[in-house]
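Undergrad: Below are the structure tokens for one structure; questions will follow.
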Amino acid sequence: MNSPIVRAASRRRFLQYLAGSPLFASHALSAYGAETLSKLPDPMIWAPAAGELIGKPKDAINVFDFEPVARKNVPPAHFGYMASGLDDEVTLRANREGFLKFQLLPRRLNDVSKVDTSVELFGTKYDSPIFVCPTGGNQFFHPDGELAVAKAARAGNHLQILSTSSNFSVEDVTNARGVPIWFQLYASPRWEVAQALIKRADAAGCPVLMVTVDRIAGRNQETLFRLMRTDTRECAACHDRSSFAARSVRRHNYDGIDLTAISGGGESSNLSWDSVKRMRDVTRMKIVLKGIVTPEDADLAVQNGIDGILVSNHGGRGEDNGRSTIDALPEILAAVKGRIPVIVDSGFRRGTDAVKALAMGAQAVGIGRPYLWGLGAFGQEGVERVLEIVRTETHAAMQQCGARSLQELNPAFVRRAS
Ligand SMILES: Cc1cc2nc3c(=O)[nH]c(=O)nc-3n(C[C@H](O)[C@H](O)[C@H](O)COP(=O)(O)O)c2cc1C
């Protein structure tokens, strides 16, 4: 009998053959086939037709069902921006495969007829531990962009974190969400720019400033660049890419801020622990660092008075270090020793993924690409359904484990596969 590895390899070859066949050569199938290599194909093998797309959000059985619809609707260059990792995309794949290294240890006979999935983060209660990660330029995927995302987050009472590079401003998105949101900061190389953005987020009522610390270098986003070549539209008609200032014209958090001195991609290469101290001096907001992936930096964050950590590798888009966040999480939690909240993102797609991280000790789990698939596929309704699916799966995974609340989840519910 074939080993699981041989069976997986032949299934993969079959899917590659289908994707390459002129009979099946739709964009949807090639994207689907490419994703299939890095996700678990087994529940899909009896799906009626790999190329068949869902027609409405309610038809989705899991979050992956939205991806090929978004691929069909969204221009190739925009889809590439979303899908891309960098270099060999080892980290992008590791983020999914990392979950296989951990197994849940469900407990029985614990009356899980009522499960409370709510979480409190810095004094605010959310109905679910699943939060909306900051992603730039949501109008790449739907004209309603971050406003649609905010309304969907509002429907399920999820925390939303808004990117510095959002199309809609922090004021407009806060309004659409209906309660304060967190603001993610790309500090840029210039303090004046960081300070102006911090002031704006503060004035908009954001309780938390999430400082992204892993966009400090240029990056070779190969999938993006290859898909850009297949895009027949004239990118320059919409995007003036001649300078950082020109590229930021539709990123309304920058309105009124002088960006002319910023060159290249505006990476925050000069960030240091002193930069964060400086931020602390000019804001009342809590400060959470996004992009911590080692226990050493986690400990330094605590020593430097940081209020929280988001363990993130930017969904495999900041650098290609090769390690999944679910792999790094236990060491980081051990270094932090409960002194500050630790949350996590990168590669989370399933309720069981979330419950593994929550059992290890993360307080909340973020998703990025899945809600962008929902947005590109069906706008606000698509994002709502993606969040609903992840919420429902998380609730079910908690019940299946015998945990009635997030407080009841603990490291005894998860172990490293041998
Ligand atoms: C299209 C896209 C844009 C992103 N933009 C930002 C951003 O502006 N700021 C940021 O800190 N992270 C950004 N991220 C990273 C996300 O916040 C998050 O870390 C990542 O998407 C989580 O991984 P996942 O996509 O596998 O769920 C972006 C991710 C994607 C996919």
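The values are calculated or read from the model by the stated rules, or taken from the named source; none is laboratory data. Please read all numbers here as calculations on a predicted model, not as lab measurements. No Cβ is skipped: glycine too gets one built from the backbone with ideal geometry, and neighbour counts run over all protein chains shown.
Undergrad: Answer yes or no as to whether GLY322 is among the small types (Gly, Ala, Ser), touching a Ser or Thr at 6+ places or on another chain (Cβ under 6 Å), on the phi > 0 side of the Ramachandran plot and within 16 Å of the ligand (Cβ to nearest atom).
TA: Criteria met by GLY322.
Undergrad: Kindly list the number of the only condition in (1) touching a residue at least 60 places away in the same chain (Cβ under 8 Å); (2) touching a Phe, Trp or Tyr at 6+ places or on another chain (Cβ under 8 Å); (3) crowded, with 21+ Cβ neighbours inside 10 Å; (4) under 19 Å from GLN380 (Cβ atoms) that fails for THR164.
TA: Evaluating THR164 over (1) touching a residue at least 60 places away in the same chain (Cβ under 8 Å); (2) touching a Phe, Trp or Tyr at 6+ places or on another chain (Cβ under 8 Å); (3) crowded, with 21+ Cβ neighbours inside 10 Å; (4) under 19 Å from GLN380 (Cβ atoms) leaves (4) as the failure.
Undergrad: Can you pull out every residue in segment 229-249 that is in contact (Cβ under 8 Å) with a residue 60 or more places away in the chain and surrounded by fewer than 17 Cβ atoms within 10 Å (Cβ to Cβ)?
TA: THR230, ASP231, ARG233, CYS235
Undergrad: Suppose we filter GLU384, GLU388 for residues that are over 21 Å from LEU109 (Cβ atoms), at pLDDT 95 or above and surrounded by fewer than 20 Cβ atoms within 10 Å (Cβ to Cβ); which single one remains?
TA: Of the residues listed, the single one that is over 21 Å from LEU109 (Cβ atoms), at pLDDT 95 or above and surrounded by fewer than 20 Cβ atoms within 10 Å (Cβ to Cβ) is GLU388.
Undergrad: Still on this structure: State whether one or more residues within segment 266-285 are out of contact with any Ser or Thr (no Cβ under 9 Å at 6 or more places or on another chain), of a type in the set (Gly, Ala, Ser) and away from the ligand (no atom under 12 Å from the Cβ).
TA: Yes - at least one qualifying residue is present in segment 266-285.
Undergrad: Okay, next question. What tally of residues in segment 167-176 results from selecting those that are surrounded by fewer than 23 Cβ atoms within 10 Å (Cβ to Cβ) and of a type outside the set (S, T, N, Q)?
TA: 3
Undergrad: While we're looking at this one, here's another question. Hey, among LEU333, LEU387, which residue is part of a helix (DSSP H, G or I) and within 16 Å of the ligand (Cβ to nearest atom)?
TA: LEU387
Undergrad: Quick check on LEU358: is it surrounded by fewer than 23 Cβ atoms within 10 Å (Cβ to Cβ), modelled with pLDDT of 95 or more and away from the ligand (no atom under 12 Å from the Cβ)?
TA: Considered against the rule, which asks whether it is surrounded by fewer than 23 Cβ atoms within 10 Å (Cβ to Cβ), modelled with pLDDT of 95 or more and away from the ligand (no atom under 12 Å from the Cβ), LEU358 comes out as no.
Undergrad: Let me ask you something else. Looking only at residues that are part of a helix (DSSP H, G or I) and farther than 15 Å from ALA328 by Cβ in segment 77-91, which one is farthest from the ligand (Cβ to nearest atom)?
TA: Ranking the qualifying residues of segment 77-91, first place goes to ALA77.
Undergrad: Which condition number does GLY402 fail, the rest of (1) more than 14 Å from the ligand (Cβ to nearest atom); (2) touching a Pro at 6+ places or on another chain (Cβ under 7 Å); (3) closer than 12 Å to VAL149 by Cβ being met?
TA: For GLY402, the exception is condition (3).
Undergrad: Right, here's the next one. Quickly run through segment 139-176 and pick out the residues that are among the acidic types (Asp, Glu) and either within 18 Å of the chain's Cα centre (by Cα) or in a loop (DSSP other than H, G, I, E, B) (or both).
TA: If the condition is that a residue be among the acidic types (Asp, Glu) and either within 18 Å of the chain's Cα centre (by Cα) or in a loop (DSSP other than H, G, I, E, B) (or both), then ASP144, GLU146 are the ones that fit.
Undergrad: List the residue pairs whose Cβ atoms are under 7 Å apart, where the first residue sits in segment 206-219 and is without any contact (Cβ under 8 Å) to a residue 40 or more places away in the chain, the second is more than 12 Å from the ligand (Cβ to nearest atom) and part of a strand (DSSP E or B), and the two are 6 or more positions apart or on different chains.
TA: Partner pairs satisfying both residue conditions: none exist.
Undergrad: What are the pairs, 6+ residues apart or on separate chains, where a residue within segment 369-381 that is outside any helix (DSSP H, G or I) has its Cβ under 8 Å from a residue that is more than 12 Å from the ligand (Cβ to nearest atom) and among the aliphatic types (A, V, I, L, M)?
TA: GLY379/ALA148
Undergrad: Which residues, taken from segment 198-207, are surrounded by fewer than 21 Cβ atoms within 10 Å (Cβ to Cβ) and in a helix (DSSP H, G or I)?
TA: LYS199, ARG200, ASP202, ALA203
Undergrad: A further question follows. Of the residues ALA301, ALA397, ALA354, ALA362, only one is over 25 Å from VAL149 (Cβ atoms) and small (Gly, Ala, Ser); which?
TA: Going through ALA301, ALA397, ALA354, ALA362 in turn, the sole match is ALA301.
Undergrad: Under 6 Å by Cβ, and 6 or more places apart or on different chains, what pairs join a residue from segment 330-348 that is within 19 Å of ALA94 (Cβ to Cβ) with one that is among the hydroxyl-bearing types (Ser, Thr, Tyr) and crowded, with 18+ Cβ neighbours inside 10 Å?
TA: VAL344/THR325; ASP345/SER312; SER346/SER312; SER346/THR325
Undergrad: Another question about this same structure. Can you tell me how many residues in segment 177-196 are assigned to a helix (DSSP H, G or I) and surrounded by 21 or more Cβ atoms within 10 Å (Cβ to Cβ)?
TA: 3
Undergrad: What's the number of the only condition in (1) touching a His at 6+ places or on another chain (Cβ under 9 Å); (2) away from the ligand (no atom under 12 Å from the Cβ) that ILE130 fails to meet?
TA: (2)
Undergrad: Within the set of pairs 6+ apart or on separate chains, which have a first residue in segment 294-317 that is in contact (Cβ under 8 Å) with a residue 24 or more places away in the chain, a second that is aromatic (Phe, Trp, Tyr) and away from the ligand (no atom under 16 Å from the Cβ), and C-beta atoms under 9 Å apart?
TA: Qualifying pairs under 9 Å: LEU300/TRP273; ALA301/TRP273; ASN304/TRP273; ASP307/PHE122; GLY308/PHE122.
Undergrad: Ok, one more. What number of residues within segment 55-99 satisfy the criterion of being surrounded by fewer than 20 Cβ atoms within 10 Å (Cβ to Cβ), within 19 Å of PHE225 (Cβ to Cβ) and of a type in the set (Lys, Arg)?
TA: Number satisfying all stated conditions: 1.
Undergrad: To continue, here is another question. Having 1 or more residues that are among the charged types (D, E, K, R) is the bar; report the strands (runs of 3 or more DSSP E) wholly within segment 208-325 that clear it.
TA: Here the list reads 286-292.
Undergrad: Considering only segment 211-270, state which residues are at positive phi and either of a type in the set (Lys, Arg) or modelled with pLDDT under 95 (or both).
TA: Scanning segment 211-270 gives GLY264, GLY266.
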